[in-house]
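Written below as structure tokens is the structure these notes are about.
Each value in this text was obtained by applying a stated rule to the coordinates, not by laboratory testing. Just so it is clear, the structure is predicted and the values come from calculations on it, not from any experiment. Every residue, glycine as well, gets a Cβ built from its backbone with ideal geometry; the counts of neighbours run over all protein chains shown.
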Amino acid sequence: MLVEDNKINAMVAQAFCKKYQIDVDWAEDGEQALERLQQADYDLVLMDNHMPKLGGIDATRAIRKTLGLDVPIYACTADAYGHVHEAFYQAGADYVIVKPIKEASFIEALRHYTCTENSA
């Protein structure tokens with residue numbers, strides 16, 4: 001699942017997913033993501049940070065604590081600051097991708113996901 005409020009960023013992420021034959025469901029904010037996660041299983045969540053209604057850090061925390069899900073969550077943030085990355089990790093994110101997402105960083109995230117899933 002892609003959780004992203006910006007349509008351009010969503011189109012870029014969806015294009016990368018399509019290129020690598022990954023099906024993606026797009027939620028436009030954290031609240032939509034929580035609703036969908038209660039209705040369906042996902043292999044991975046790509047979570048934006050700054051969104052209306054419910055931001056990425058709070059949505060990540062809710063996925064872990066309120067919903068009790070262990071789905072991998074990869075944060076996607078334009079914030080290059082370590083404290084934002086650390087806040088995502090403390091909320092339960094498994095990985096942080098810095099935006100704008102470039103193909104090389106997307107591939108690196110896929111490698112991380114594949115290695116993590118194969119070791120589980």
Find how much the distance from Cys115 to Asp70 grows on full extension, using 0.36 nm per residue of separation minus their present alpha carbon separation; answer in nm with one decimal.
14.6 nm
Output the relative contact order of the stretch 1-70, whole-number percent, from Cα pairs under 8 angstrom with separation of 6+ residues.
36 percent
Around Glu31 (Cβ within 12 Å, Cβ-to-Cβ, excluding Glu31; K/R +1, D/E -1) the net charge comes to -3
Say the cut-off is 24 Å between C-alpha atoms; which of Lys53/Lys102; Lys7/Lys53; Lys19/Lys102; Lys18/Lys65; Lys18/Lys53; Lys7/Lys102 go over it?
Lys53/Lys102; Lys18/Lys65; Lys18/Lys53
Residues Arg61, Arg111, Arg36 in order from fewest to most other beta-carbon atoms within 10 Å are Arg111, Arg36, Arg61
Estimated inter-spin distance, Asp23 and Glu103, nm [label 7 Å along Cα→Cβ]
2.5 nm
Which whole-number percent is the relative contact order of the stretch 47-92 (Cα, under 8 Å, 6+ apart)?
46 percent
Per residue of the chain, what 222 nm ellipticity follows from adding -39500 (n - 2.57) for every DSSP H run with n ≥ 4, rounded to the nearest 500?
-15500 deg cm²/dmol
Extended-chain gain in nm, criterion 0.36 nm per residue less alpha-carbon gap, Asp58 and Glu86
8.8 nm
Scoring the chain by relative contact order with C-alpha pairs under 8 Å, at least six apart, yields a percentage of 22 percent
Peptides 50-57, 96-103, 76-83: what's the order by average Cβ count within 10 Å, highest mean first?
50-57, 96-103, 76-83
